[in-house]
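The values are calculated or read from the model by the stated rules, or taken from the named source; none is laboratory data. Note that the structure is a prediction, hence the values are computed from the model and not measured. Note that we place each Cβ from the backbone using ideal geometry, even for glycine, and neighbour counts take in every protein chain shown. Heads up: the accessible areas ignore ligands, DNA and RNA and are worked out on the full protein's heavy atoms, side chains in. Shrake-Rupley method; radii C 1.70, N 1.55, O 1.52, S 1.80 Å.
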Amino acid sequence: MDGQVNKPHRQAKKSKDKRKEHSGAPNPKAFTFSNPGKLAKQAARSHDIREKRLHVPLVDRLPDEPPPRLVTIVGPPGVGKTTLLKSLIRRYAKETISDPIGPITIVTSKKQRLTFVECPNELEAMVDMAKVADIVLLMIDGNYGFEMETMEFLNTLAATGMPGNVFGVLTHLDLFRKPQALRDAKKRLKHRLWSELYQGAHLFYLSGVLNGRYPDREIHNLSRFLSVMKNPRPLIWRNSHPYSIIDNYRDVTHPTKIEEDENCDRSIELSGYLRGTNFAAEGQRVHIPGLGDFTIASMESLPDPCPTPAMEAALHKAEGKTGRRRIEEKDKRLYAPMADRSGLKITGDHIVITREKGFAFDKDVEDAERGEGEQLIIDLQGERRLLGQTDQGVKLFASGEQITKVPEENDTGRKSQRRARFAARDEGDDDEFPDDEGFVSGDDEEGSDIETEFNEKKLGKMFRKELDKGQVEDVAFADSDSDLGSVLSEDEEIDSDDDEDDVDSDEEGAAVEWKENMMERARKLHGKRRPYRSIDLARFMYDNSMSAREALKKWRGEEDEEMEEDVEKEEDDTFFRRVGKDEDEDPSEDRFIPQFDYQELAAKWSNELSIEALRAKFATANLVDEAEGEEEDDEDNEMEGVDDDDEGDGVFEDLEASDTQGDGAGAEEPEDPEATLEAERAKNARRKEELKLRFEEEDREGFKNDKAIARREGGEVEFGEDDWYDAQKALLQKQLDINKSEFDALDENQRASVEGFSAGKYAKIVLEGVPAEFVNNFTPRLPIIVGGLSATEDRFGFVQVRIKKHRWHKKILKTGDPLIFSLGWRRFQSLPIYSISDSRIRNRMLKYTPEHMHCFGTFYGPLVAPNTGFVCFQSFSSAVPGFRIAATGTVLSVDESTEIVKKLKLTGTPVKIFKNTAFIKDMFNTSLEIAKFEGAAIKTVSGVRGQIKRALSKPNGHFRATFEDKILLSDIVFLRAWFPIKPHRFYNPATNLIGWQNMRLTGQIRRDESLATPQLKNSQYKKIERATRHFNPLRVPRALAADLPFKSQLIQTKPQKKETYMQKRAVVVRGEDRKARDLMQKLTTIRKDVVAKRRAKKEEKRAEYKKKTAEVEERLENKEKREKKAYWEREGKKRKPDNSGGGGGKRRK
């Protein structure tokens, strides 16, 4: 026991008092990361997110007042599209529309509007709406799942340009009886939608229908999401083309033309919000899908029928009032011209007013429920009244009072003569007065005889002139202030030759004479515009109604002066007319340059002293010489402020005075050369700074800055991580600001003529030459889209595309079969030719498209910019079973020529064979064809290669060829050639709005017309009978056979003269042996039959056993799943939420 060694005790912990105090230095372990791997993953993820955010910067062409966002409701029939549209209209506008047809625009917030369009269940409409939709509400039947129309629309969106806002809406969820089945269906459909769109796509759920609408809370969630959405990244096609979706249509054809010919071409008027880029003011080419190409005859901007209350909010903010988050009820506007809104419906050029309970049209009935259409009819029943007249009186202004009767005028005028009263003025007051401001009429109080004192500043030249002369006499006044005198402009002068005695003696006559031609003078004075205005020049330049000479005269004001002269010749002597210029000026020389005496200038510059003085200005200055330095300073001061663009229009310098100043400066004492050098350096630095500022002003695009030049030259200066992206966005925004500032200086007419009709405006488009079938077959349910065309898209040629057959389309596509393309705004039918790159040397034609890879396609159609996506269909008919999208792809290039070749094999047979030469026939027909293929490589079926040499003189079509070995007469010689293929110039626009017939396949035509397929004799399959060829045996000479090695020697058995034992022996079965053999064969046959039946019986029993075993295993598996699920549900309830993420906590017992 004494020798036992125990483990020593642990050392006791130090007390808190004995702890080491903190030194105050920073602890390096306090702010570090504990998991470097996790930090690296987080950094990589944040970097990936930042990189995904970066795209090629696009110009944001969204105007300050953007057009309404286009919300398209898409789905198969019976899914609830109309019900959702009614619910959204009720939510936003508090109105109920029984039949919502066409685009419906609603004000949803202070600065936002939404245009709802229900897309019909037609493939043409879905394709068109996929090109213009900003927001897509994809209706899905939750009880059924995704249908074919939904998947077709999603694939069309992916090919033509996927908008950033595509949401799924599940309906018919009230048909699920079990909550678990509902949850499983939601989860399954959500993940299926995510696989088609993107991970995390929004999916809204709409349960049952109450009173013909979806529940208010669910519609409120959906509408709230639509209202607060941001603008997504603009699509390239929409960002480079103008377009509009039409919400109102009217036929404006003259009735007499329709009476003469019902099928004449019509003139229609289409109205809608402009979107995309600007429409050209004149000659804009547009395409209406389903109708064709047109040129806009006229275009006019209309007042916005559904404006936003943003201007009111801005006014409240300026006044200091607090704006409300929600818009008022009066601001919840709704514009639906094609829909049945409260019994009022606009279809084409007529208005339809309907009511379910019939019409009463009784205006005396109070508190009657009337729709908008019925109220319009009742308002029209009233008798004719004056403007503002009501039953209570006349009310001209909304804030004014109603006037019931007109008071009688007791005051008929002034009974006594008025006298003027002049205020005392100083002698120096003349300088303070303007030249001529004219009279300003004041409003006298009714019934007041108090005479108004006149301010001398408001008197005309005629009165001030008399006062300056010191002739203080009475001045005659008329009955009113307007009778006193004329409102004269600054340039007119009026001298009065009449004596004041005549005026005093005949005051009434003067007043009457003054009122003559009053309207003419007012028009002449107030209608005159100031000449030489740049804003007028811009307007006159784009006015096609006047010539260049007339526009120039009108801008100078000469036209107004001529009119004034004509009017003044007819007036009395009380007015003096202005004297115009008599010189005729050449309009071609109309520039702002002064007129010089060129003879005097020629005499001046013929003097050698003047030329030497001018040359001295361009000589290099001596910085040490004080006199020359001061001379250059004086020259710089004299030329300061003169623009570089000034070409010497009147800015001259006195050279003699400059020389004199230089001589005077040289007489002074010289300054320090170092000080002069510093001053010169400072002056050069200022000059460089000015040049740099001017250069930056000219280089607004930023292509000549330091970083751009260094990047082009391969220098070391480069952009940072995000500098390039921010710089490009800044350049685009800067250019937009420059354009906006330039266009803001113009008025509306000038801006429309130069810039065009910008997006966001509500405009009226007039088209001429529209087929009459469009008017007769017009259906407001089908959307009408007006898409602008660029200059290139109006031309036609061969378009090369990269195309791939859709994986869900059943049949592969064949070259030359008609295919319907949806490319750009157009839908047309063409005949594509498919090809593939053959070793990057040629494009080899393919008879069919590959199964799971891209190929090239070439067809004739409109020229569209590369990288434009498209979709193809074989038919738009809904009767076509299966998936209707045949192929998708993008445009690679456009060209007038194509280079597609097809493999061609020409065959022939030998006629005569020499050693390595043979004569070939049946390959060509003429010597000309042979001459074209001289030197071409040929080959036999056995693999012997050869070459075509020359044609034979006789017979025609035969030629001589050489081979690398001797060929046989039975060999077939063939030539591999490439034949160029040209696509057919076939273009058939899909005009479904006026009816069209697409090109059908030959088999379809035979099937529709019940025609039998013709059987060509050479195309029929028949049995090929080939004669058996007998080849001679190989004969080896004896001398050669003797020299062959033992392994290669030919072993030949000598023929035997006598029969061998095997040949002699013969087995003959007789008697009992034959019976025994026959019995054994029968027994064997019976046994085989019994064994086969037994094996079949065993297979049946084995199949039954396997079926029972599978059922048992399935029940066991389901039981195990249920037990496992119940176990984990119990375990999940036991565990705390805090411990769900793992950790080292103890388990509860």
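Checked against (1) assigned to a helix (DSSP H, G or I); (2) open to solvent by 40 Å² or more (accessible area, probe 1.4 Å); (3) modelled with pLDDT of 80 or more, F778 meets all criteria but (1).
Only one entry in F933, F859, F870, F919 is within 17 Å of A977 (Cα to Cα) and aromatic (F, W, Y), namely F933. Of all the residues in the range 870-879, those that are open to solvent by less than 50 Å² (accessible area, probe 1.4 Å), touching a helix residue (DSSP H, G or I) at 6+ places or on another chain (Cβ under 8 Å) and not in a strand (DSSP E or B) number 1. Residues in the range 805-817 that are closer than 14 Å to K847 by Cα and of a type outside the set (S, T, Y): K805, K811, I812, L813, K814, G816, D817.
State yes or no: is S835 part of a strand (DSSP E or B) and not β-branched (V, I, T)? Against the criterion (part of a strand (DSSP E or B) and not β-branched (V, I, T)), S835 qualifies.
Only residues that are acidic (D, E) and either touching a strand residue (DSSP E or B) at 6+ places or on another chain (Cβ under 6 Å) or loosely packed, with under 12 Cβ neighbours inside 10 Å (or both): list them for the range 184-195, please. Correct list: empty.
Of the residues making up the range 845-869, those that are in contact with a Lys or Arg (Cβ under 7 Å, 6 or more places away or on another chain) and in a strand (DSSP E or B) are M845, Y848, F856, Y860, P862.
Let's see how each residue does on (1) loosely packed, with under 10 Cβ neighbours inside 10 Å; (2) more than 30 Å from Q180 (Cα to Cα); (3) at pLDDT 95 or above; (4) not aliphatic (A, V, I, L, M):
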residue: A1039; (1), (2), (3), (4): yes, yes, no, no
residue: K1047; (1), (2), (3), (4): yes, yes, no, yes
residue: K1057; (1), (2), (3), (4): yes, yes, no, yes
residue: M1062; (1), (2), (3), (4): yes, yes, no, no
residue: R1065; (1), (2), (3), (4): yes, yes, no, yes
residue: R1074; (1), (2), (3), (4): no, yes, no, yes
residue: M1080; (1), (2), (3), (4): no, yes, no, no
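Considering G797, G760, the condition of being open to solvent by less than 30 Å² (accessible area, probe 1.4 Å), under 27 Å from F279 (Cβ atoms) and part of a loop (DSSP other than H, G, I, E, B) is satisfied by G760 alone.
Check the range 126-145 and report whether any residue there is modelled with pLDDT under 90 and part of a helix (DSSP H, G or I). No: the range 126-145 contains no residue that is modelled with pLDDT under 90 and part of a helix (DSSP H, G or I).
Rundown of residues vs (1) within 23 Å of E152 (Cα to Cα); (2) open to solvent by 20 Å² or more (accessible area, probe 1.4 Å); (3) among the acidic types (D, E); (4) in contact (Cβ under 8 Å) with a residue 60 or more places away in the chain, yes/no style:
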position	(1), (2), (3), (4)
L182	no, yes, no, no
S207	no, yes, no, no
G212	no, yes, no, yes
L222	no, no, no, yes
F225	no, yes, no, no
L270	no, no, no, yes
G283	no, yes, no, no
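For H202, the stated conditions do not hold, so it cannot be described as in contact (Cβ under 8 Å) with a residue 12 or more places away in the chain and at positive phi.
Scanning the range 911-937 for residues that are touching a Leu at 6+ places or on another chain (Cβ under 7 Å) and within 15 Å of K954 (Cα to Cα), we see that the one that is surrounded by the fewest Cβ atoms within 10 Å (Cβ to Cβ) is F919.
Residues are listed down the side, and each one gets a yes or a no for (1) in contact with a Ser or Thr (Cβ under 9 Å, 6 or more places away or on another chain); (2) free of Cβ contacts under 8 Å to residues at least 60 places away in the same chain:
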{"position": "L54", "(1), (2)": "no, no"}
{"position": "P57", "(1), (2)": "no, no"}
{"position": "L84", "(1), (2)": "yes, no"}
{"position": "R113", "(1), (2)": "yes, no"}
{"position": "E122", "(1), (2)": "yes, no"}
{"position": "A125", "(1), (2)": "no, no"}
{"position": "N143", "(1), (2)": "yes, yes"}
{"position": "M151", "(1), (2)": "no, no"}
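Is there a residue in the range 896-909 that is open to solvent by less than 50 Å² (accessible area, probe 1.4 Å), of a type outside the set (S, T, N, Q), assigned to a loop (DSSP other than H, G, I, E, B) and in contact (Cβ under 8 Å) with a residue 40 or more places away in the chain? So far as the range 896-909 goes, no, none of its residues is open to solvent by less than 50 Å² (accessible area, probe 1.4 Å), of a type outside the set (S, T, N, Q), assigned to a loop (DSSP other than H, G, I, E, B) and in contact (Cβ under 8 Å) with a residue 40 or more places away in the chain. Could you grab me the full set of residues in the range 259-268 that are open to solvent by less than 50 Å² (accessible area, probe 1.4 Å) and either without any contact (Cβ under 8 Å) to a residue 40 or more places away in the chain or touching a strand residue (DSSP E or B) at 6+ places or on another chain (Cβ under 6 Å) (or both)? Within the range 259-268, R266, S267, I268 meet the criteria. Applying the condition of being open to solvent by less than 70 Å² (accessible area, probe 1.4 Å), assigned to a loop (DSSP other than H, G, I, E, B) and touching a strand residue (DSSP E or B) at 6+ places or on another chain (Cβ under 7 Å) to the range 982-998 and asking which residue is modelled with the lowest pLDDT yields N998.
Just one of the listed residues (S87, S109) is hydroxyl-bearing (S, T, Y), modelled with pLDDT of 90 or more and over 28 Å from S195 (Cβ atoms), namely S87.
Out of F979, F974, one residue alone is surrounded by fewer than 12 Cβ atoms within 10 Å (Cβ to Cβ) and part of a strand (DSSP E or B). It is F979.
When restricted to residues that are outside any helix (DSSP H, G or I) and either surrounded by 10 or more Cβ atoms within 10 Å (Cβ to Cβ) or among the small types (G, A, S) (or both), the range 999-1025 contains 7. Filtering the range 241-255 down to residues that are among the hydroxyl-bearing types (S, T, Y) and modelled with pLDDT of 90 or more, which residue is farthest from F778 (Cα to Cα)? Restricting to residues being among the hydroxyl-bearing types (S, T, Y) and modelled with pLDDT of 90 or more, the top hit is Y243.
One line per residue, one yes/no per condition, for (1) basic (K, R); (2) open to solvent by less than 40 Å² (accessible area, probe 1.4 Å); (3) more than 29 Å from G290 (Cβ to Cβ):
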position	(1), (2), (3)
Q829	no, yes, no
S837	no, no, yes
I841	no, no, yes
P862	no, yes, no
P881	no, no, no
I885	no, yes, no
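Quick check on the range 175-191. Is at least one of its residues modelled with pLDDT under 90, in contact with a Lys or Arg (Cβ under 9 Å, 6 or more places away or on another chain) and either part of a helix (DSSP H, G or I) or among the aliphatic types (A, V, I, L, M) (or both)? No. Go through the residues of the range 233-241 one by one and say whether even a single one is open to solvent by less than 30 Å² (accessible area, probe 1.4 Å) and among the small types (G, A, S). Within the range 233-241, none of the residues are open to solvent by less than 30 Å² (accessible area, probe 1.4 Å) and among the small types (G, A, S). Scan the range 91-116 for residues that are open to solvent by 10 Å² or more (accessible area, probe 1.4 Å) and assigned to a strand (DSSP E or B) and the total you get is 2. The criterion of being open to solvent by 10 Å² or more (accessible area, probe 1.4 Å) and more than 26 Å from N988 (Cα to Cα) holds for E851.
This table checks each residue for (1) closer than 28 Å to S837 by Cα; (2) within 52 Å of the chain's Cα centre (by Cα).
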position: V880; (1), (2): no, yes
position: V891; (1), (2): yes, yes
position: D895; (1), (2): yes, yes
position: M923; (1), (2): no, no
